[in-house]
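Beneath this line is the structure, given in structure tokens, with notes to follow.
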Amino acid sequence: MEELDGEPTVTLIPGVNSQKKQMCFDWGPGEMLVCETSFNKKEKSDMMPGCPFIHIIRKNEDVYSQILRKLFNESHGIFVGLQRIEEELTGKSRKAQLVRVSKNYRSVIRACLEEMHQLAIAGKDPASDRQFSIQVSSLSAMELIWNLCEILFIEVAPAGPLLLHLLDWVQLHVCEVDSLSADVLGSENPSKHERFWNLVTVLVLQGRLDEARQMLSKEANTNPTSAGMCRILGDLMRTMPVLSPGNTQTLTELELKWQHWHEGCERHLQDGTFASSPHLESLCKIMLGDEAALLEQKELLSNWYHFLVTRLLYSHPTVKPMDLHFYAQSSLDLFLGGESSPEPLDNILMAAFEFDIHQVIKECSIALSNWWFVAHLTDLLDHCKLLQSHNLYFGSNMREFLLLEYASGLFAHHSLWQLGVDYFDYCPELGRVSLELHIERIPLSTEQKALKVLRVCEQRQMTEQVRSICKILAMKAVRNNRLGSALSWSIRAKDAAFATLVSDRFLRDYCERGCFSDLDLIDNLGPAMMLSDRLTFLGKYREFHRLYGEKRFVDAASLLLSLMTSQIAPRTFWMTLLTDALPLLEQKQVIFSAEQTYELMRCLEDLTSGRPVRGEPDAQQLQDDDVETTKVEMLRLALARNLARSIVKEGSLEGS
Amino acid sequence: MEEIYAKFVSQKISKTRWRPVPPGSLQTVETFATGSWDNEENYVSLWSIGDFGNLDSDGGFEGDHQLLCDIRHHGDVMDLQFFDQERIVAASSTGCVTVFLHHPNNQTLSVSQQWTRAHYHTGPGSPSCSSAPCTGVVCSNPEIVTVGEDGRINLFRADHKEAIRTIDNADSSTLHAVTFLRTPEILTVNSIGQLKIWDFRQQGNEPSQILSLTGDRVPLHCVDRHPNQQHVVATGGQDGMLSIWDVRQGTMPVSLLKAHEAEMWEVHFHPSNPDHLFTCSEDGSLWHWDACTDVPEKSSLFHQGGRNSTFLSHSISNQANVHQSLISSWLITDPAKDRIEITSLLPNRTLSVNSLDVLGPCLVCGTDAEAIYVTRQLFS
């Protein structure tokens, strides 16, 4: 038994009392059925009326969110595009492409996040507002994690640029500063605003030193006594060496310059340059990476990873990826200070800093309420060739396992099944079987929908499923008395048995009504006629009628005879065929030759002599037999007369 | 085409239609209707592409289409047509045909008329009937014609409660689409590759003419008539082929053009620029077919026909044809002349493009990937 990673969550089903009654359940592809059984839990309790309902328990509610549907649909396109990225692409171009894909995914998350946020603050009713804000925080956590994974695993930024990326990451996700800045700058006298120093501090904490300098110059203008100090601090900010993307300087050069600058800062602090202004002094301490000074700004930092990045910025700007986890762990410990324990999000980020991809994915799977995130992230990381060594002890690999889970969730949804198809396609091992199992369970409400499902199956050569869908549709059509449609569907399924069945229905209808229905179809069968003997017979028999209608009696007669002699016509139908021959036999000119007449006679004798001897006939049977006997007698007479005429005719022709 | 806007709408779109612009008015195209399918709750919605940056402050940039109003629709929306400026006719998978009325004052939609059992099956033995999806509808004020999976054709009038005319069992297979040829004649396509012309002046339930693809019986899914030449008809089939027919002559298509890789769901001639044709398909593509006849030879026929003797003789021997070809670029069946230019309009393939509509310089299409694409510069 594997160890459990967390306590399973308890879902309470309203109306079901599991204290009193035993419950039973059954798994579905993405859902579960639960109902009360009639068994009592304890013997003593008397017969209680139970809950008369069967409940459907859905595993992932998120699939049913209107806004997340956009996420699923839009990311589907990105996913399919990613799978088509050519394998040959290597090195830089491949990496650039993967980073672009990752950014696309994030922008889709962002778009959903913004829309969700709009709804959450729109305030229609408190219950849904709460629901929305839960989803907003879940989505923003996803974006945060994804962005970090992008920096660490996909971009694989080396020392130097790494910190710039992390800085961007923090600036993007700790965005209260923008509203604060708008607030302060919007006031009449910014430097007198009560949160002015908060703003300056946040800007420094986020490494936005240019903006911080502008703020300081405002302060210098309004407060001449501190102007000198502001200028010095501003100069320190301006001269802080940073790595710029276009610059060619080496890391060592940067480190040297930075060391020099750092010492300069320290000197100012020791000299007491800013002693008269606690605000400026604290800023200077921050810029020196002083942990105590940083931790004083806990409120403004708001979380430990901001603390981490600020700390790195001002004390280890050229941190190597491998050393990150050390700083991360100590930052987390320092920031929480033993007051609270880390939350799931903290653990996930920590796992990322430790470059433990599997731990990231595992923690995300547990913490997040849907499979979308882990499935797409894992797939992307797999394309970066980061997961190849990892195989699960069940199913196939992790990527495939997560994609299958996600796609099954889509199939459980009423209308998202079409997206699921493509995900199954890109699961090499179990995708196809899963698709086969799921696609058969899609309700075929209209032919249009059936055609779409059929197209999915046909494109993947899933012949068994194609057959089954066509058969369902053919059955439906028969039930609705749409024989033409039924025949079309069985022809499409190449289902000979069903075609025979439908053809029999046509023939029976003909016998009852004396005319054919659905001529537009039967007259245009073409090569499809060969599907089953009965269908061939139906087509040929109709052709006989057409020839007869066109007064091409000779052709009609030989066709009629060949239907019987070639055994295409079912025995039960021979009497009808022979009866159809009667008017031909009675025509003025001789149509059946002597030889053909012999054949007809043989058929008739075959039919009559082969009859089983029955026991006591009842009145109805007697009457039927009577009609039958008359018919046979008439036929015999007509055949005999025709034979005579044909012998005479043939004899006279030969004689002449 | 420079700008094509996509918007994800959280419902699979089965139909998109522009609201017609009143003839002779200077109004621009700005409103379209959509219908959804295969959702637990389906909607008929009206959208605007007009610039109303003043109306929405939250990020709706110019060019993005905004929802005006919507209304629940029972069952999948199988087809959608504007009856006039205010009224929309929707065909439902429940066999119901509904006329929705748009109230521009308070931006709402309401049901103005409904024929609940326009299409139904009669099962064997059981007198109770089950509903059959209505697959197509076409309007020509005041008449509405509907077709369905039950092979039935109904003729309604907007002001009548009952159907004016019903042809039961008009087709043994499913009727997929219908269009007016010239009143009172209609054209239907079915699932065994036939095109049938019906004349409402004739009694009985026989079509006045049947045209069909030979042999293969490939189902036809859509049909559109040339806006100016009523005998020229385009259809799209299950194999993605585009067929052009001349209903005056022959029972076979004039030309078969290899097009999409899967079902062609809709085909539309551009209403005012019929040398342009648009098709969309299950394979997720949307194509623009340009058959502009600005071939140099054409003009030379008039100006220097006498000088070029071979060309002259050619033109004499085929005088009738030449005359005709000058009128319709779609009926020329010369494979050597590769005059039709095809462009794909969607940037990357998605799920099925179920519907499209063109009007003036605007095109709208809707997909199973729950996105609506709009462009306002078709010919730029």
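Descriptive notes on the structure:
- Span from the region A:543-581 Cα centroid across to the region B:118-197 one, whole angstrom: 36
- The 3J(HN,Hα) values that the Karplus relation (6.51, -1.76, 1.60; θ = phi - 60°) gives for region A:183-192 are, in residue order, 4, 5, 5, x, 6, 5, 10, x, 6, 9 Hz. Gly and Pro appear as x.
- On the principal axes of its alpha carbon atoms, the protein assembly as shown extends 144, 103, 58 Å, with the longest extent given first.
- Between region A:171-218 and region A:283-341, the alpha-carbon center distance in angstrom: 20
- Over region A:246-320, Cα pairs under 8 Å with separation of 6+ residues give a relative contact order of 25 percent.
- Convex hull projection area averaged over all views, region A:353-476, Cα basis, nm²: 8.6
- Dipole-positive endmost among A:305, A:337, A:73 within chain A (Cβ charges, Cα centre): A:73
- Unit charges at the beta carbon, dipole of region A:161-266: most positive-side option, A:221, A:164, A:205: A:221
- Translational D in µm²/s for region A:410-519 (Stokes-Einstein at 37 °C, 0.692 mPa s, Kirkwood Rh from C-alpha pairs): 215
- Cα-Cα over 32 Å, subset of A:192/A:298; A:476/B:12; A:218/A:257; A:70/A:452; A:95/B:7; A:95/A:298: A:95/A:298
- Cα-based shape type of region A:140-272, given that a ≥ b ≥ c are square roots of the gyration tensor eigenvalues and the cut on a/c is 1.5: oblate
- Within region A:309-383, GluC sites (Glu not before Pro) in DSSP loop having at most 14 other beta-carbon neighbours inside 10 Å: A:339
- Chain A: angle of helix A:251-271 to the longest principal axis, Cα-based, in degrees nearest 10: 40
- Relative contact order for region A:494-553, counting Cα pairs under 8 Å that sit 6 or more residues apart, in percent: 38
- Seen against the Cα atoms of chain A and their longest principal axis, helix A:372-383 is set at about 80 degrees.
- All alpha carbon pair distances within region A:439-496 were sorted into 5 Å bins beginning at 0; the resulting P(r) in whole percents reads 4, 21, 33, 26, 13, 3, 0.
- For the protein assembly as shown, a crude dipole built from +1 on the beta carbon of Lys and Arg and -1 on the beta carbon of Asp and Glu, taken about the Cα centre, is about 2620 debye to the nearest 20.
- Chain A: relative contact order in percent, alpha carbon pairs under 8 Å with at least 6 residues between: 8
- Three-way shape call for region B:192-240 based on the alpha-carbon gyration tensor, with the a/c threshold at 1.5: oblate
- Estimated translational D of region B:76-179 in µm²/s (Stokes, Kirkwood radius over Cα pairs; 25 °C; 0.890 mPa s): 178
- Leading residue at positive end of dipole, region B:136-291 (Cβ point charges), from B:240, B:212, B:265: B:212
- Two-decimal log10 I(q)/I(0) for region A:461-619, as the Debye equation yields it once each C-alpha is a single scatterer, q = 0.08 Å⁻¹: -0.29
- Cα convex hull volume per residue for region A:52-195 (Å³): 180
- Cα shape, region B:193-281, gyration tensor, a/c 1.5 rule: oblate
- Relative to the longest principal axis of the Cα atoms of chain A, the long axis of helix A:196-205 lies at roughly 70 degrees.
All of the numbers you see were taken from the coordinates with simple rules; none came from a lab. Bear in mind the structure is a predicted one, so any value in this text is a computation, not a measurement. Please note: Cβ atoms are built from the backbone with ideal geometry, for glycine as well, and neighbour counts cover all protein chains shown.
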